[in-house]
1. Among (1) within 20 Å of MET135 (Cα to Cα); (2) in a strand (DSSP E or B), which single condition is GLU55 missing?
2. Return the pairs, sorted by first residue and then second, in which the second residue is assigned to a loop (DSSP other than H, G, I, E, B) and hydrophobic (A, V, I, L, M, F, W, C), the first residue lies in segment 114-125 and is over 14 Å from GLU86 (Cβ atoms), the beta carbons are less than 7 Å apart, and the residues are 6+ apart or on different chains.
3. Got a sec? Which of ILE61, ILE111 is among the β-branched types (Val, Ile, Thr) and within 16 Å of VAL35 (Cβ to Cβ)?
4. Does segment 28-35 include one or more residues that are in contact with a helix residue (DSSP H, G or I) (Cβ under 6 Å, 6 or more places away or on another chain), closer than 23 Å to LEU118 by Cβ, modelled with pLDDT under 90 and not in a loop (DSSP other than H, G, I, E, B)?
5. Any residue at all in segment 106-113 that is surrounded by fewer than 22 Cβ atoms within 10 Å (Cβ to Cβ), without any contact (Cβ under 8 Å) to a residue 40 or more places away in the chain and not β-branched (Val, Ile, Thr)?
Amino acid sequence: MAALESLLEDSQSAFSRLMEKHRSGRKKFLLHRLVVAARLSCTPEDRSTVAAHYEKLNMSIQRSRPGEELTGLLLLYPQHTLLVIECSTEALLSVLQDLRHMEENPDSSLILHPRILLVSHDLPCRLFPQWFCMMLSESESRRTEASDEQNPEKLLNQTMKQLLQLGCHLYNTQHNTGSTMLTPDEVLKDVSDVVPPVAAVYRLLQMEALLSPARYISTYHSPIHQPLDSESVWPAVEHLRII
């Protein structure tokens, strides 16, 4: 662990390095994956406003940066959400700034208490070929359970595994059917076990190690060679995973 901490302290943050590479033109298009959990401020009946917000954000990014659309998955539980976004470096920053704005303006925001579960950089390809949105009923969000005894690290890893499996299933289903619109019933009828249960989302939001969008932006826009400790590294040393 000491060796890992030393390595992290001697290194630039991954996000800072990737931003610099993008600006310098050494690599024109870097692909990232962002995973966020949050609570919803709206009622279950008004969740379509959240879906509309991200469709509007996607259109705005496409207009300002042609060819840099968002793909991914918006899982809307009755009172919570899981958001998976695959995008370019500049689009990632736009999404993070949008999340920070909602975090800092809770009285007028669609989502509350957003927390970043994972940011993966320099992906070889997209897992999600398009933008998917799924509104889950109370029963659909509880088809699988999250053990109260499962430690936070294992819970986070299990949630990431389920989201990646769900992405693979969406990709294969769309490829095999040619459909661009998939209903929850179509997706869940065979693979309900890969939808993270709402209990897992609730527990993840209680994890103090997870960064808010504002904290993440602040951390990764700090001077590159500043001393780092376990509270200013993402992922934190004790939660570091290569994904």
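The values are calculated or read from the model by the stated rules, or taken from the named source; none is laboratory data. For clarity, every value in this text was computed on a predicted model and none was experimentally measured. For neighbour counting, all protein chains shown are included, and Cβ atoms are generated from backbone atoms with ideal geometry for every residue, glycine included.
1. Checking GLU55 against (1) within 20 Å of MET135 (Cα to Cα); (2) in a strand (DSSP E or B), the one that fails is (2).
2. That search, which allows pairs on different chains as well, returns ARG115/LEU205; ARG115/LEU210; ILE116/LEU210; LEU117/LEU210.
3. Only one candidate passes the filter, namely ILE111.
4. No, segment 28-35 contains no residue that is in contact with a helix residue (DSSP H, G or I) (Cβ under 6 Å, 6 or more places away or on another chain), closer than 23 Å to LEU118 by Cβ, modelled with pLDDT under 90 and not in a loop (DSSP other than H, G, I, E, B).
5. yes
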